[in-house]
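Colleague: Sharing a structure below in structure tokens format, with a few things to ask.
Values quoted throughout were computed directly from the atomic coordinates according to the rules given, and no laboratory measurement underlies them. Everything quoted here is computed from the prediction, not taken from an experiment. Don't worry about glycine lacking a Cβ; one is built from the backbone with ideal geometry, like all the others, and counts go over all protein chains shown.
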Amino acid sequence: MRVEPEIYEPSDAVELTVTPRAFVAPVPVDPVFLDLPLLTGDEVANTPFIAVTARPWPGSVAVYASSVDDGYALNKLLPAPATMGLSETAMFAARSGVLDRGGALRVKLVSGTLSSASLSDVLNGANVAAIGDGSSGNWEVFQFTEAVLVGERTYDLRGRLRGQAGTDGIMPDVWPVGSTVVLLNGAMAQIDLALSARGLARHYRVGPAQRSYNDPSYTHLIEAFDGIGMRPYAPVHLRAEKDNLGDYDVSWVRRTRIDGDSWQSVEVPLGEESEGYSVRVLKDGALVRESSTSVPSYVYSAAHKSADGVSGSFEIAVAQVSAQFGPGPFRRILINE
């Protein structure tokens, strides 16, 4: 019996020592949907963003979607955590278009960092953030010039520009302690959502991409989105003047959600299929009359006022109407007689 001598000779191969990676238990992530207005104009108007954070970050996060709680398909992969946290101080309402120099908004981040920026950089789009109650459609967009580190992952934000991108129309009297704050940067992503699915509740599962969507580490959400990118802005410069006949001549100036920053044009683009407004008359908060008009003016006649039984103080509210979205936020004026 013959034996090959080479099987007894030493090999030149180098043996590699393989060290197994330490096991890290998957932890649930914290996802937030943001149905936002158009910020740059490059977004899909009807599609929300999703921002996700976690400690520790699992490496990448997967977003699965389905019309029912079954048969999920991969919708989006997020490679990096969002800069997101909760407010530790209240932020009160302020005028839009001017710097809010009120008390600092203190934010405790889960992940990420914040930094200051010059006013010129902010006016050119730096340091854009959103604050909201955590629901998908209730977000105010603001910017800030100062971000001062005051504790571990805790910042004081000052020099704020409030109600950006038309969100002045939904700004509450106060954003309370515990409001969600998200830096609007490249860590977020728009999910894929057909226009036909707007307003329809869909199921989403969000968790570590290395795990299956039915893993206990996944967060299950049921969300429906209005498509805030299609929402008209609230009108401005709302005025009401009473003439000698007792009629109120109401006028306002429209705004646009599309390409409204240019100084080259005589008038900003309409941004809608047609111009239209909804006008409401309210007495003690109750609706007494609703009308529509295609021009930025309306006459609330003395005859209508008498027919409505309106006396003393009352309100007139005006909103621009989109054929796809419906009325945007209403701008109100209080009339005291």
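Colleague: Under a cut-off of 29 Å between alpha-carbon atoms, report the lysines in cross-link reach of Lys305, not counting same-chain residues fewer than 8 places apart.
Modeller: Partners within reach: Lys242, Lys283.
Colleague: Treating the beta-carbon of each Lys and Arg as +1 and of each Asp and Glu as -1, no other charges, what is the dipole magnitude of the chain about its Cα centre, to the nearest 20 debye?
Modeller: Details: 28 positive and 40 negative charges, 162 e Å.
My answer is approximately 780 debye.
Colleague: Over 10 Å intervals from 0, what percent of Cα-Cα pairs in region 236-335 sits in each interval?
Modeller: 14, 45, 28, 11, 2
Colleague: How big is the charge dipole of region 236-335 about its Cα centre, in debye rounded to the nearest 20, if each Lys and Arg gets +1 on its Cβ and each Asp and Glu gets -1 on its Cβ? Each step should come with its number before you reach the end.
Modeller: Numbers: 11 positive and 14 negative charges, 65 e Å.
Here region 236-335 has a charge dipole of around 320 debye.
Colleague: In addition: In deg cm²/dmol, rounded to 500, what helix-only [θ] at 222 nm does the chain give when every DSSP H run of at least 4 residues adds -39500 (n - 2.57) and the total is split over its residues?
Modeller: Numbers: 2 runs with 11 residues, N = 337.
Computed ellipticity for the chain at 222 nm equals -500 deg cm²/dmol.
Colleague: Can you tally the net charge around His220? Count Lys and Arg as +1, Asp and Glu as -1, for every other residue whose Cβ sits under 14 Å from the Cβ of His220. Don't skip to the end; give the middle numbers.
Modeller: Working: positive: Arg202, Arg205, Arg211; negative: Asp30, Asp69, Asp70, Asp215, Glu223.
Combined, the nearby Lys, Arg, Asp and Glu give -2.
Colleague: Tell me, how many Å apart are the Cα centres for region 72-133 and for region 208-241?
Modeller: Rounded to whole Å, the Cα centres lie 16 Å apart.
Colleague: With N set to the number of residues, divide the alpha-carbon radius of gyration of region 39-189 by 2.2 N^0.38 Å and report two decimals. Working shown, then result.
Modeller: Working: Rg = 15.9 Å, N = 151, 2.2 N^0.38 = 14.8 Å.
Relative to the 2.2 N^0.38 Å estimate, region 39-189 comes out at 1.08.
Colleague: With unit charges on the beta carbon (Lys/Arg positive, Asp/Glu negative), name the residue among Gly312, Ile258, Ala302 whose Cα is farthest towards the positive pole of the charge dipole of region 236-335.
Modeller: So the residue we want is Gly312.
Colleague: Ranked by Cβ crowding within 10 angstrom, fewest neighbours first, how are Ile191, Ile333, Ile222, Ile316 ordered?
Modeller: Listed from fewest to most nearby Cβ atoms, that is Ile222, Ile333, Ile191, Ile316.
Colleague: When the Cα atoms of the chain are enclosed in a convex hull and the volume is divided per residue, what value in Å³ results? Each step should come with its number before you reach the end.
Modeller: Values: hull volume 80.9 nm³, N = 337.
For the chain, the hull spanned by Cα atoms encloses 240 Å³ per residue.
Colleague: Rounded to the nearest 20 debye, what is the charge dipole size of region 84-183 about its Cα centre when +1 sits on each Lys and Arg Cβ and -1 on each Asp and Glu Cβ?
Modeller: Numbers: 8 positive and 10 negative charges, 24 e Å.
The calculation lands at about 120 debye.
Colleague: May I ask you to work out the translational diffusion coefficient for region 58-142 at 25 °C, viscosity 0.890 mPa s, via Stokes-Einstein with Rh from the Kirkwood sum over Cα pairs, reported in whole µm²/s? Could the numbers behind the result be given before it?
Modeller: Working: Rh = 16.1 Å.
Diffusion coefficient, whole number: 152 µm²/s.
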